[in-house]
Amino acid sequence: MQPDTDLQGPTAGAATTAVRRLELNGTEVHSAALTLQALLLERGLDPTQRAFACALNGVFVPRARWAAQSLRGNDRVDIVAPVVGG
């Protein structure tokens, strides 16, 4: 694991996008998403079309806050969906 959790491209300080190391459902991913909603869209999840919930670092995030919820390096994001049947 790297001590610096926000990685820069080859020309740090220029017009580059910071890439963050995140844990998504237990798997390490790297993302330039600045918000929870941006991460979901980046991963192909459409919040308006699917029934699922999200937690950030073990705390439930209401859907209404997804667009404003900032992400930082080493954040843990859990996405859960209901299971039909029993």
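The values are calculated or read from the model by the stated rules, or taken from the named source; none is laboratory data. Since the model is a prediction, treat every value here as computed from it, not as a measurement. Backbone-built Cβ (ideal geometry, glycine too); neighbour counts: all protein chains shown.
Data overview
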{"quantity": "Verdict on Glu23 being at pLDDT 95 or above and loosely packed, with under 14 Cβ neighbours inside 10 Å", "calculated": "no"}
{"quantity": "Residue within region 43-63 that is small (Gly, Ala, Ser), touching an Asp or Glu at 6+ places or on another chain (Cβ under 9 Å), at pLDDT below 95 and part of a loop (DSSP other than H, G, I, E, B) present", "calculated": "no"}
{"quantity": "Among residues of region 71-86, those that are loosely packed, with under 11 Cβ neighbours inside 10 Å and under 14 Å from Gln37 (Cα atoms), counted", "calculated": "0"}
